[in-house]
Every structure is written in C-alpha cells, then in structure tokens.
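Student: Provided herewith is a single structure, encoded as structure tokens, for subsequent inquiry.
The values are calculated or read from the model by the stated rules, or taken from the named source; none is laboratory data. This is a predicted model, so every value here is computed, not measured. Note that each Cβ is placed from the backbone with ideal geometry, even for glycine, and that neighbours are counted across all protein chains shown.
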Amino acid sequence: MTRVCLLGSDDVALRQTLLSHETAREALRTYDLTEPFHNAIGLETVSLGAAVALLNDLNWYLVRYAEAALVREPSVSESEWLSRDLATAIRDDRVSPAESGRYLKVYGVQSAGDSSGEEPADGLSDGPGPGSSDENDGIPSDENGHGSPDERMDKSEDEDGRTHGHRGAPPKLVEPMYVTRSGGSIPEYDLRDVGETVVVRVTEAAFGR
C-alpha cells in the first residue's frame, strides 16, 4: 500500500477544513483517515498512481490549506517519504526510484509533551477553517450509515504505522532542513534537539526552496 500524508498550514485546522468542503469530503470518503502528526491527515491508497491522482483531485484545497503533501511508496523506500512533485515525476517515469534519494528535506519530530515546542496556532481546534462558508454545515453519513471520514477516524498512527489513542496528541513535524545524501549517509539534523526525524525525498528543483 502507498501512504499519503497531508500536512496542514500553521493557521489551518486541516482535517476539519477539508471535511467542511463537499468536494474534498467526497474525495476522502472511501479512506480511513489517521493523524500521523499534529494537524496532519494520513491515509493509504492502492498504488503510487492512485496517491498522485488523489492529490490532484485535492489540489485546489492543498494549495490553500496544506503546507505539504507527502507520499510513501514501499517500492521506492520503506522508510522515506516523497514530496508530491517527486512522486509525480516517478509515476510519470521522469525520475527513476534509484535516482530519487539525493535531495532531501528532513523534519525534526517533536513529541507532544515537549515543552520546548510552540503552542498550536489559534483556531486549530475550533471547527472548519477559512473558505468553508459556502458548504453545508453537516457532514452526512455514507450509504452504509457509517458516518463521515471525520467521524470514523477513531485512531491515529505515527510515521511508522504504530497506533495510539484518538485523544492522544500526535507528534509534530518541526523546522525542515534541506540536505543532500553523500555516500549513502544523511547529515545529522541540528536545528533542534529531537529524538527522531522524518526524511522526505524532493526534486532537485525544489531543493532548498
């Protein structure tokens, strides 16, 4: 399975905002949504092509409300994510998986209990974000009566797929650092004192942007 992770912008409650828009809600309806990181949406698709197609369907919303869209394709890497642009380039055979690992964006992972982190931006827990006034207030159940994706999301997962309780605060991705892989090694993340990192492969054009 190919995983997708949507990272919300600092001033937007991503899950509530996307699910307040009918088109985005319909695109996400068939997926079991998780919360791998603070203000993020995680889901699984059947293939890299399906993941890219879903991101294309959500493009209008991602441009406005998301900081980044990430894809993890096991045939490329079991542990490293791909940026949306790189995932698209690999799907279109413009970049081979073997050549995709040189340019990297490395996030620090800050645990929810780390007192050194910033407080969430105002409004992240207070309902739909901007731009939702033209949509229905209610989120209807599906044809099987199972409720919306928002209602069905009763668990969260971290970046390695480990589940934790729905009410447990997920870790937060902080301060990405752009690095290049040299000789198979990745420079150490040094922007903060963190215990873990998340590595995202990016295109050469996006490197250091």
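Student: Does Thr17 satisfy the condition of being free of Cβ contacts under 8 Å to residues at least 24 places away in the same chain and over 14 Å from the mean Cα position of the chain (by Cα)?
Tutor: In short, no.
Student: Name the residues in region 21-33 that are more than 25 Å from Val109 (Cβ to Cβ) and assigned to a loop (DSSP other than H, G, I, E, B), would you?
Tutor: Once the filter is applied, which keeps residues that are more than 25 Å from Val109 (Cβ to Cβ) and assigned to a loop (DSSP other than H, G, I, E, B), region 21-33 yields His21, Arg29, Thr30.
Student: Given the conditions (1) buried (at least 23 other Cβ atoms within 10 Å of the Cβ); (2) assigned to a strand (DSSP E or B); (3) in contact with a helix residue (DSSP H, G or I) (Cβ under 9 Å, 6 or more places away or on another chain), which single one is not true for Arg3?
Tutor: (1) is the only condition that Arg3 fails.
Student: Considering Thr23, Thr17, which residue is closer than 27 Å to Ala112 by Cα and of a type in the set (S, T, N, Q)?
Tutor: Going through Thr23, Thr17 in turn, just one is closer than 27 Å to Ala112 by Cα and of a type in the set (S, T, N, Q): Thr17.
Student: Let me ask something else about it. Is one or more of the residues making up region 12-32 at positive phi and not aromatic (Phe, Trp, Tyr)? Before the answer, list the steps.
Tutor: Kept after step one, since they are at positive phi, are these residues of region 12-32: none.
For region 12-32, residues at positive phi and not aromatic (Phe, Trp, Tyr): absent.
Student: Does region 61-68 contain at least one residue that is under 20 Å from Pro170 (Cβ atoms) and in a loop (DSSP other than H, G, I, E, B)?
Tutor: For region 61-68, residues under 20 Å from Pro170 (Cβ atoms) and in a loop (DSSP other than H, G, I, E, B): absent.
Student: Among the candidates Leu18, Leu55, which residue alone is in a helix (DSSP H, G or I), among the aliphatic types (A, V, I, L, M), closer than 27 Å to Ser111 by Cα and at pLDDT 95 or above?
Tutor: Just a single option satisfies the conditions, and that option is Leu18.
Student: For region 180-209, how many residues meet the condition of being out of contact with any helix residue (DSSP H, G or I) (no Cβ under 9 Å at 6 or more places or on another chain), of a type in the set (Ser, Thr, Tyr) and assigned to a loop (DSSP other than H, G, I, E, B)?
Tutor: Number of matching residues: 1.
Student: Tally time: how many residues in region 86-125 are among the hydroxyl-bearing types (Ser, Thr, Tyr), part of a loop (DSSP other than H, G, I, E, B) and either at pLDDT below 95 or closer than 15 Å to Pro171 by Cβ (or both)?
Tutor: Qualifying residue count for the region: 4.
Student: Looking at (1) aliphatic (A, V, I, L, M); (2) surrounded by fewer than 22 Cβ atoms within 10 Å (Cβ to Cβ); (3) touching a helix residue (DSSP H, G or I) at 6+ places or on another chain (Cβ under 8 Å), which is the one condition that is false for Val12?
Tutor: Answer for Val12: the failing condition is (2).
Student: While we're on this one: Please specify each residue of region 34-52 satisfying the condition of being part of a loop (DSSP other than H, G, I, E, B) and not polar (S, T, N, Q). Don't jump to the end; show me each part of the working.
Tutor: Quick first cut of region 34-52, residues part of a loop (DSSP other than H, G, I, E, B) only: 35-39, 46-47.
Those that are part of a loop (DSSP other than H, G, I, E, B) and not polar (S, T, N, Q): Glu35, Pro36, Phe37, His38, Val46.
Student: Considering region 76-112 alone, what residues qualify as being in contact (Cβ under 8 Å) with a residue 60 or more places away in the chain, among the basic types (Lys, Arg) and farther than 19 Å from Leu6 by Cβ?
Tutor: Arg102
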